[in-house]
Amino acid sequence: MSANNYDFPSAEGYDRFIGERWFVRDRLNLEAEALGQLDALVTGESYAEGGATARARLDYAAERLRLLYVGITRARRELVITWNTGRSGEQVEALPVAALRGWWESRIGVVE
């Protein structure tokens, strides 16, 4: 399994999400922003541009981490988690996976 920041984002600003729906203007998720505007109209609350995009990013990251958790907990005998830098070399190890690796290494020692 490839566990880089593209596949399993941490919702940090530098992460680019594999399935993120933002294009066209200012890195905004236009679908989420439109729904945020409609929600603000219905509830009477104020609308701040970018807030719905941030919430959509957090929701997406939470769902991907849930899937990673499911994959990890379903391993029967062995689990191998890898990551790659991609063609451009810009991808890095997913932040949650780095934290998991750090925890694991502190428990059993570094495995070469």
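Volume of the convex hull of segment 30-108 (Cα atoms only), normalised per residue: 161 Å³. Among residues other than ALA48 with Cβ under 13 Å from its Cβ, the summed charge is -3 (Lys and Arg +1, Asp and Glu -1).
Bear in mind these aren't lab numbers, they're just calculated from the coordinates by the rules spelled out. Values in this document were obtained by computation on a predicted structure and should not be read as measured data. When we count neighbours, we look across all protein chains shown, and the Cβ atoms used for this are built from the backbone with ideal geometry, even at glycine.
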